[in-house]
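One structure is given below, encoded as structure tokens.
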Amino acid sequence: MHLTRTALRRTGADPPSGKVDAALPSAEHGGMKYVLSYTAVDDFMPLAQANGAAHVARLHEFHDRGVLLMAGTLQEPMNGQALAIFTSREAAEEFVSADPFVVNGVVASWDVRPWHEVLDPDAG
């Protein structure tokens, strides 16, 4: 199952085609970060297992570039919901645009929202 462009517009914009290389949020965002949330399809586990290695490789790629700060699944219940924190909306949308979990139907819906980190350890 592939998501349509309509489904990919969940955040209100088409996924970007270029790469985002900025490791830190721009000055206009200050301590702003962006939370990507995933909700999985029912009976997601077989699809997640089949696409897990490629999904994790993409996580590492974005983390190594410095644009993905952390990612993980929500527990209790373990129902396929996950969160990831990015340094920019563009980086989050770029991640989604080719994430094997999205393009191969593990993810039923996703959203990117700005998040202002109040206890930012880098804020001095």
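With contacts taken as Cα pairs under 8 Å at a separation of at least 6 residues, the range 29-123 carries a relative contact order of 48 percent.
The modelled label-to-label distance between M32 and I85, using points 7 Å beyond Cα along the C-beta direction, is 1.7 nm. The C-alpha atoms of the range 29-123 occupy a region whose extents along the principal axes are 42, 27, 18 Å, arranged from largest to smallest.
Taking amide H positions as modeled 1.01 Å from N, with prolines and chain starts lacking one, the residues under 5 Å from S109 and 5 or more places away or on another chain are T39.
For L69 and D42, the difference between the fully extended length at 0.36 nm per residue and the C-alpha to C-alpha distance is 7.0 nm. Between S97 and Q49, the simple spin-label model (points 7 angstrom out along Cα→Cβ) gives 3.3 nm. Between V118 and E61, the simple label model (points 7 Å from Cα in the Cβ direction) yields a spacing of 3.7 nm.
Since every read-out is calculated from the coordinates, none of them should be taken as a lab result. Note that this is a predicted model, so its numbers are computed, not measured. Every residue, glycine as well, gets a Cβ built from its backbone with ideal geometry; the counts of neighbours run over all protein chains shown.
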